[in-house]
Every structure is written in structure tokens, then in C-alpha cells.
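Report on the following structure.
Bear in mind that the values in this text are calculations on the coordinates, not laboratory data. The shown structure was predicted, so the numbers you read here are calculated from the model rather than taken from an experiment. Methodologically, a virtual Cβ is constructed for each residue, glycine included, from the backbone with ideal geometry; neighbour enumeration extends over all protein chains shown.
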Amino acid sequence: MVALAESMVGDHPARPVLVLSNDPTAGGLEKAAAMGIPTAAIDHRGFGKDRAAFEAALQAELEKARPDILCLAGFMRILTPEFIEGWAGRMLNIHPSLLPKYRGLHTHARALEAGDAEHGCTVHEVTAELDGGPILGQARVPVLPGDTPESLAARVLPMEHRLYPAVLRRFAAGDRRPVFLP
Ligand code: NHR
């Protein structure tokens, strides 16, 4: 999130209008506020199993801020097709695997268990199909002998910080061709 916010300066076609979290204690909220970006938090735990009510509260914040593009970054609540429909073609996510490999959770451990020689991250359009939307960019890293899920995650993270801003810049300019790094 910070990498995206820091990238949106100068000739960048977008500016950050809201940082919205489902966790009121998320460290990113303070970081965004320090950068002068409006923030809001909707705690999903207050809504129990009622995803529609949680999403209605998210939607209310989004309608106030009127973003053109939504970027999920570490957002860990599955969104319903009804919510996604209203933002179709305008919502991105970064996922820590080389999609279509390893949709869902625990991606670094799964890449290690499979004995993969390379791993990485993918920016994709968010559709109702979990981690299944069109690929907008990918960055690869090697898997090294002795890697743990933690060491592998630490190698992928700096690539996430490079890839997501590169994809957003292109996407915000209306170009949906995928970006491949390195
Ligand atoms: N929603 C839809 N409909 N489609 C996608 O592609 C989505 C999405 C919501 C989030 C991010 C994704 C990731 O990058 C994302 C993509 C959370 C879960 C999950 O299982 C799965 C994938 C992603 C994010 N969430 C559990 C839930 O019940 C909670 C898990 C937890 O809190 O640890 O929502 O990885």
C-alpha cells in the first residue's frame, strides 16, 4: 500500500484518495495518514457472518471517496460477487504466487512443498473467481536451497513493491497489457 501511494506522484495518472482497511489496528492506516491520505476502517468482526452488511459499509466509504480504481493490498476478506460487480474491471489485487499456481492461502509453503525452482507474485484483476481474474503482471524470484516459507516470502516482498506500482501506472493510463519483471 505504501509503495503504491508513494508511486502516485508527478506524471502518474492516479492519486490516492482513500486507504480503507477491515482492521482498525492495521499499521497501514497510520502510515497513510502520515502521508496525508484519508483513511477509514470497517471492522469485519462487527458483522459476524454477514458479508453483505460488511460490504455495504465498505461501499458507503467508497461512495464518499469516489475512487476510479480499487487496489487490494493484503486485504484478506473474500468479496461477494455482488460487491465485485459494482467495481468490475476497476479492482486489482497482488497475490504472492505465480498464478495460476497456488490460488488462496499459504502460497510460499505450497511452492516449497511442490519443489518449484521459481516463485513470485502476480497482480490480477479481481473477479468473483478467487485469485482467478485476468493477469496484469508477474514477477519471478528463484527458490534457493534451504528456503523456508519465511525466507521465500522475504524474497518475494520487494518484488511485490516493484511490480504493483508498475502495473498500477499502466492500468491507470488505460493499458491492460501485462507487465513482466524482472
Ligand atoms: N474476493 C474475490 N471475490 N476474488 C478475489 O480474487 C479476491 C477476493 C478477496 C481477496 C485477495 C486474496 C489473496 O491475494 C482477494 C482476492 C483472502 C482469502 C481468504 O480465504 C483468499 C484469497 C485472498 C484473500 N479469506 C478468508 C475469508 O473468509 C479469511 C482468511 C483470513 O482472515 O486469514 O474471507 O490471497
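Condition first: touching a helix residue (DSSP H, G or I) at 6+ places or on another chain (Cβ under 7 Å) and in a helix (DSSP H, G or I). Can you find one or more residues in region 131-151 that meet it? Looking through region 131-151, at least one residue is touching a helix residue (DSSP H, G or I) at 6+ places or on another chain (Cβ under 7 Å) and in a helix (DSSP H, G or I). Within region 40-97, the residues that satisfy the criterion of being near the ligand (Cβ under 10 Å from one of its atoms) and in a loop (DSSP other than H, G, I, E, B) are LYS49, ALA73, GLY74, PHE75, MET76, ARG77, ILE78, LEU79, THR80, PRO96, SER97. Contact map, region 125-138: residues that are within 8 Å of the ligand (Cβ to nearest atom) paired with residues that are β-branched (Val, Ile, Thr), Cβ distance under 7 Å, separation 6+ or inter-chain. Pairs shown: VAL126/ILE84; THR127/ILE84; ALA128/ILE84; LEU130/ILE78; GLY133/VAL126; GLY133/THR127.
Each residue in region 107-116 was checked for being within 14 Å of the ligand (Cβ to nearest atom) and either under 17 Å from the mean Cα position of the chain (by Cα) or free of Cβ contacts under 8 Å to residues at least 24 places away in the same chain (or both), and 3 pass.
For region 108-137, the candidate set comprises residues that are in contact with a Lys or Arg (Cβ under 8 Å, 6 or more places away or on another chain) and buried (at least 24 other Cβ atoms within 10 Å of the Cβ); within that set, the residue that is farthest from ILE69 (Cα to Cα) is ALA111.
Taking region 14-34 as the range and being touching a residue at least 24 places away in the same chain (Cβ under 8 Å) and either part of a helix (DSSP H, G or I) or more than 19 Å from the chain's Cα centre (by Cα) (or both) as the test, the residues that pass are GLY28, LYS31, ALA32.
Annotation: ILE84 fulfils all but one of (1) surrounded by 12 or more Cβ atoms within 10 Å (Cβ to Cβ); (2) free of Cβ contacts under 8 Å to residues at least 40 places away in the same chain; (3) not aromatic (Phe, Trp, Tyr); the unmet one is (2).
Among the residues of region 117-139, just one is within 13 Å of the chain's Cα centre (by Cα), among the acidic types (Asp, Glu) and farther than 14 Å from THR107 by Cα, namely GLU125. Answer yes or no as to whether GLU160 is within 12 Å of the ligand (Cβ to nearest atom), among the acidic types (Asp, Glu) and assigned to a helix (DSSP H, G or I). Against the criterion (within 12 Å of the ligand (Cβ to nearest atom), among the acidic types (Asp, Glu) and assigned to a helix (DSSP H, G or I)), GLU160 qualifies.
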